[in-house]
Each structure stands twice: as structure tokens, then as C-alpha cells.
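Have a look at the structure below, then the notes.
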Amino acid sequence: VPTADDFYNRANKLRDELVEARKHGLDSVEYQDALTSVLKDLYELVGKPVITRLRLLGVPEQSRVWWCPTSVFCSLPLHAMGPIPSSGNRDRYFSDLYIPSYTPSLSALIESREASPQTLEKPSLLLVAQPEDLPRVKGEIKVVRSLEPRATVADLVSSEATPSSVVEGLRGSRFAHFACHGVLETGKPFDASFKLHGGSRLTLLDIARSRLPDAEFAFPSCCHAAEITQESIADEALHLTAAMQYCGFRSVVGTMWEMADTDGRDLAKSFYKSLFSSQETREPYYERSAGALRDATQRLRRKRGITLERWVNFVHYGA
């Protein structure tokens, strides 16, 4: 796809606009205005030429599309570019036309998609939660536990969630749902971690050293799980979401920034409902997860009072 001569300079300006506006708070008018402007400009810079090329290639709408961003584009919400001009009354964004996903590298995507286990058996799901640190996750815990009998749910909540117990639980699970704090370490990507009981940490290095033969899908419902900070861009740093993919999970859902108190619960409820609702497809669950996330964010978006940043927040990585 041809790009403008000032392509990266314009992208850097868009990133800087978001960084500056975030100082006012994610729910501020200043940030909402900046995000609206950035998504519109990002559509003109990236979305419009890409969509034009997809149409020329005969790629039908509602197809899967993977973004493999580098440099400054790692911190921009490519999945939500728009609004895209249309004849209807409702604003349409990139995720309305296609089912978007990200991947940290082409090799990671290829590995996630090859040798796929074509199983539709009831999945085993590990829930890891810390309601003492995050009271909002109590509702999320109920949502995940309610997936029985569609999934076999094992949970490690509060004092049960230690680095060793979580690693052991991951080894025996196909799905994993984390409802706890995610901690990023600028300049030290493998020290990034999930905060567990008593302040203990499950680091990316712990996950990378684990052997996860059955891992298919992970949902780290943590603030900043998929965020690339301005300081880390030069290092192409791994974040929690990408690391889960590198460590064996074929598909991962993450967040770009802080969540509103009820969004983890509401998004998880809509996501899993969509994931388990289709009985006609023979796709493995992890391959349905991108579409399930798209459905869930669209439901969230239709609710009254939902600001732009709340549905743009959620992203899909992997197969």
C-alpha cells in the first residue's frame, strides 16, 4: 500500500496528541476530543488506503484482518480508525467493516495458526483473580464462573493465586482469564507481570519458561495489558498480551489503557456469550475469539453513555 512522504511524521504527531491529552484523564473532554480527532486522521493516513486496497483485492467485508504494527504504530488504535464515510446514519469504524486482530510479528501469527488442534470439546478455563486489589473484579468472577457447564472452570482467587499455582494451573488449561493488576516495567519487558496474592508477581519470564501444551486462549483483563508506552517503542517491547501469544496461547484479548469499573464484567459477559453461542461453525474457540470480541465491543458501544475510549480499549492478538 503506497504511503505519503510524511507518513511517520504524521503518525508521531497523532501519538503525541494522545499522550498529551491523557494527562487530563481518559474520561476527560480533552481526551475524548483528541481520540476522536486521532481516529479520524488515522483513517485518512492508514485506513483509507488499506481499505481501498482490500477492496481492489476482492477481500470481502467481515473478513479477518491482521495488523502487524511497528514503531509508533504499536501505540495507535488501528482497529478503530474512523468514522468511515457511509450512506447510513450510524458512524462506522474499521472494526465494523472487518474483524481486526494484531500480532507482534508474522512468525508469532504463523505459529499461532499452524498445526491448529481442531477440537470442539468443552474447554478447561483457569480463572485468576485478586478482588482485594481490584474490588470491581467480583462481578467479573461471577461471570466467568457462570460459564459452567459450557466450560470446565477452575479458579485461583485471592490467596490461592501465587506464581507457582498459576503456572501449574496454566499447564493444565486451554483458556485463562486474569482479573488482576498488570504491571509494566519500562525498559525491562520480561519483568512485566501480573500482580498476585500478597504483592507477588507472575512475570513474563515465568510464563516464557512455562510449558503450555494445551494453551489456546487468554484474556488478561488488566489495565494496560496491551499498552506500548512511548518510552518502550524504540525497544519494540513485549507487553503482557503479546507475551501470552509468544508463550503458547494462540489468541489473546487485552486492553490498551485503564478500564472503567464495570467494563471488565460487562465485556467479559458479552464476549463469552458470543464465543460460546455459535453452534453452526466448526472453528475452534480460539479462532472465534476475534469475532466474539468485535461483537462484544459493538454491544458495549451501543449502550447509552459509553464514551469512545471505552470500546476502543479492547484489542485482539493472535489467530
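The values are calculated or read from the model by the stated rules, or taken from the named source; none is laboratory data. Source: prediction; values computed, not measured. Positions of Cβ are backbone-derived with ideal geometry, glycine not excepted, and every protein chain shown enters the neighbour counts.
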Practice item. Determine, yes or no, whether SER101 is of a type outside the set (A, V, I, L, M), in contact with a His (Cβ under 9 Å, 6 or more places away or on another chain), assigned to a helix (DSSP H, G or I) and crowded, with 20+ Cβ neighbours inside 10 Å. Key: no
Review point. Would you pick out the residues in region 209-247 that are among the aliphatic types (A, V, I, L, M), more than 16 Å from the chain's Cα centre (by Cα) and modelled with pLDDT of 80 or more?
Key: LEU212, ALA215
Check your understanding: Out of region 159-172, which residues are surrounded by fewer than 23 Cβ atoms within 10 Å (Cβ to Cβ) and modelled with pLDDT of 90 or more?
Key -> SER159, GLU160, THR162, PRO163, SER164, SER165, VAL167, GLU168, GLY169
Study note, to complete from the structure: Note on THR297: of the conditions (1) surrounded by 17 or more Cβ atoms within 10 Å (Cβ to Cβ); (2) at pLDDT below 90, unmet is (2)
Review point. Surrounded by 17 or more Cβ atoms within 10 Å (Cβ to Cβ), more than 21 Å from the chain's Cα centre (by Cα) and not aliphatic (A, V, I, L, M) - does that describe any residue in region 139-149?
Key: no
Point to revise | Tally of residues being more than 14 Å from ALA218 (Cβ to Cβ), among the aromatic types (Phe, Trp, Tyr) and at pLDDT 90 or above across region 173-201 | key: 0
Point to revise | Scan of region 26-66 for residues that are in contact with a His (Cβ under 7 Å, 6 or more places away or on another chain) and either aliphatic (A, V, I, L, M) or in contact (Cβ under 8 Å) with a residue 12 or more places away in the chain (or both), ordered by number | key: TYR31
Exercise for review: Only one of these is assigned to a loop (DSSP other than H, G, I, E, B), closer than 25 Å to ALA292 by Cβ and touching a strand residue (DSSP E or B) at 6+ places or on another chain (Cβ under 7 Å): GLY88, GLY82. Name it.
Suggested key: GLY82
Practice item. Identify, from the list PHE94, PHE73, the residue that is closer than 28 Å to PRO284 by Cα, touching a residue at least 40 places away in the same chain (Cβ under 8 Å) and not assigned by TED's automatic domain parsing to the domain that holds GLU258. Key: PHE94
Review point. Is there a residue in region 65-74 that is more than 21 Å from PRO104 (Cβ to Cβ) and surrounded by 13 or more Cβ atoms within 10 Å (Cβ to Cβ)?
Key: no
**Study point:** Listing of helices (runs of 4 or more DSSP H) fully contained in region 1-65 that carry 3 or more residues being of a type in the set (Phe, Trp, Tyr)
**Key:** none
Check your understanding: Taking the stated definitions as given, is VAL29 of a type in the set (Val, Ile, Thr) and more than 30 Å from GLU283 (Cβ to Cβ)?
Key -> yes
